[in-house]
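Q: What follows is a single structure, and I will ask about it in a moment.
None of the figures in this text is laboratory data; all of them are computed from the coordinates on show. Computed from a predicted model, the values in this text were never measured in an experiment. Ideal geometry is used to build each Cβ from the backbone, glycine not excepted, and the neighbour counts take in all protein chains shown.
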Amino acid sequence: MNLDYYYGDQAEQFSFYRIPKVLFTEERFKCISAEAKILYGLLLDRMSLSAKNGWMDEEGRVYIIYKLEDIMAALGCADQKALKLLSELEKKCGLIERKRQGLGKPNLIFVKNFVTTPESRFQKRENHDSGDVNITGQDSLKSRPNNTEINKTDFSDTDSLPFTSFRGAHGQEQKRSDARSREDYKEIIMENIDYEILLRELPYDDEPLDEIVELIVDTVCSTKTTIRISGDDKPAEVVRSRFLKLNGEHIRFVLECLRKNTTQVRNIRQYLLASLYNAPMTISNYYTALVSHDMAEGLV
């Protein structure tokens, strides 16, 4: 490719993403990768658009909506890498904070201001973790397709993680990397399904709940190209994407179906895989039928 030079101020004709220089110069940000810093620049770029659209919570904190698919497209990476970069920004240095809305709605991302601290602001505000986020710009949220949702599957799937692909020290390093990746996914999934809330609300379902979590983690981490669901081989990426979108309501639904099932289940793993895969499609029909039944009962 034969490219021309820049002359005069021609370089000013382009739009640029802004990545704060301090992310590369200050010691506190040495723990995150260059790609994570680039992602922060992409998220920061969305902030001005969100502010113009009035996307703020009740305390005036600006949030953005940026889907996992958007990150994958912008950085040219797979979902696992996109999740890892988000985790770096949130867990390692607190540059972002993700908030779930529940009920299939996209996650909100609060891009943190590392220059100021909450104590330095004139208006005293509560910590983000002290309660639910109340959103004021729902109309804008519905009108723009600018979403973010992050929303793993065999109990003993030997293809889930390539632990035995390497030898020696490099193999040990690969094992640690894969294990860390699995833990990252597990954290995200437990957050997606409101695990702690489910555990409090359903104390007697703790064992099946943990099995479901491990099943989701295994599926999302699987290296297979296809995953068998209800006798059909589904593309692994399709299954993985759907499992990453499961929320607490879906898990409650699956647990309820498991409790109400009166037939013998010969392959519990396949039963749960099918239930989890179909939950987003069947849950609405189930509750619609339930409401209709209750209304009919009330008219008798």
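Q: Only counting other Cβ atoms within 10 Å, I'd like VAL115, VAL213, VAL265, VAL220 sorted with the fewest neighbours first.
A: On the way: VAL115 8, VAL213 18, VAL265 11, VAL220 24.
Lowest count first: VAL115, VAL265, VAL213, VAL220.
Q: Kindly put THR226, THR263 in sequence by how many other C-beta atoms sit within 10 Å of each C-beta, fewest to most.
A: In order of increasing Cβ crowding within 10 Å: THR263, THR226.
Q: What list of ³J(HN,Hα) values in whole Hz, one per residue of the stretch 24-40 in order, does the Karplus curve 6.51 cos²θ - 1.76 cosθ + 1.60 (θ = phi - 60°) give from phi, with Gly and Pro shown as x?
A: Ordered by residue, 3J(HN,Hα) equals 9, 9, 8, 4, 5, 9, 5, 7, 10, 6, 4, 5, 5, 5, 5, 4, 4 Hz.
Q: Are there GluC sites (Glu not before Pro) in the stretch 59-96 that DSSP marks as loop and that have at most 13 other Cβ atoms within 10 Å, and which are they?
A: GLU59
Q: Using each residue's phi in the stretch 62-75, evaluate 6.51 cos²θ - 1.76 cosθ + 1.60 at θ = phi - 60° and report the 3J(HN,Hα) Karplus result to the nearest Hz, with x for Gly and Pro.
A: 6, 10, 10, 10, 9, 5, 4, 5, 5, 5, 4, 5, 5, 9
Q: Within a 10 angstrom radius of the beta carbon, how do GLU249, GLU211, GLU201 rank from fewest other beta carbons to most?
A: So the ranking, lowest neighbour count to highest, is GLU201, GLU211, GLU249.
Q: What chymotrypsin sites (Phe, Trp or Tyr not before Pro) in the stretch 45-84 are in a loop by DSSP, with at most 11 other Cβ atoms within 10 Å of the Cβ? Walk me through the intermediate numbers first.
A: Working: sites: TRP55, TYR63, TYR66; in loops: TRP55, TYR63, TYR66.
Filter output for the stretch 45-84: empty list.
Q: What are the residues whose amide H is under 5 Å from the amide H of LYS112, where those residues sit 5 or more places off or on another chain and H is modelled from the backbone?
A: ILE96, GLU97
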